[in-house]
Amino acid sequence: MEAPRNSPAPAQGHAPVPGHATTAGIAVDAPERMRDLGRELAALLRPGDLVMLTGELGAGKTTLTRGIGEGLGVRGAVTSPTFVIARVHPSLSGGPALVHVDAYRLDGGLDEMEDLDLDVSLPDSVVVVEWGDDKVEELSDTRLHVVIERATGDAGGTAGAAGVAPEEDERRRVTLTGYGQRWTDGALTALGAAFA
């Protein structure tokens, strides 16, 4: 596991909110652990949080979101919203709803995202956007950017690649970067340290 760290450096080339970026690195070795990470992450989330997920196909974005949904106690099975673009999962416990968006097929940036009225949903919900890079950053000055990478170093990113043992193919490096004052309370650092 990478040691958690506080860092002003942006993840994946995005400009940080001036002065505040907190980063934690976590090693995940199985889909079940990715789901567990989602449940743990849900305990940190609150209404108004924007979570951006970045990772290749099959990296575990929807699995992580499924865990977030379980942790938030929302209704309905959390599945990839690729064909419907967005799904709303209301809370079963009085907490925030989960709005799960797959922006993969949207290439119009924020203009196209505005048609989804995410800015209306954001104050009362936790909004999780897969493939949201360069599309949703303007929705909030504070956000959590989660980058999921295969730990095998397989540049092609193909599951079951020749020469890669199946258990190694499941390993992921997850980098959580919180932008803005919202994420300076040390919660991400504590999550990174506890999730070993």
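The values are calculated or read from the model by the stated rules, or taken from the named source; none is laboratory data. Remember, predicted model here, so these are calculated numbers, not experimental data. Ideal geometry is used to build each Cβ from the backbone, glycine not excepted, and the neighbour counts take in all protein chains shown. When the accessible area is computed, the model is the full protein with side chains, heavy atoms only, and any ligands, DNA or RNA have been set aside. Shrake-Rupley method; radii C 1.70, N 1.55, O 1.52, S 1.80 Å.
Sort through Leu53, Leu44 and tell me the only one that's at pLDDT 90 or above, open to solvent by less than 20 Å² (accessible area, probe 1.4 Å) and not aromatic (Phe, Trp, Tyr).
Within the list Leu53, Leu44, the selection yields Leu53.
Here Pro90, Pro31, Pro96 are screened, and the one residue that is farther than 20 Å from Ala193 by Cβ and in contact with a Pro (Cβ under 6 Å, 6 or more places away or on another chain) is Pro96.
A Cβ distance below 9 Å, combined with a sequence gap of six or more or placement on separate chains, defines the contacts here; from the range 73-96, residues that are exposed (fewer than 12 other Cβ atoms within 10 Å of the Cβ) reach residues that are assigned to a loop (DSSP other than H, G, I, E, B) in the pairs Phe83/Arg105; Leu92/Gly73; Leu92/Arg75; Ser93/Gly73; Gly94/Gly73.
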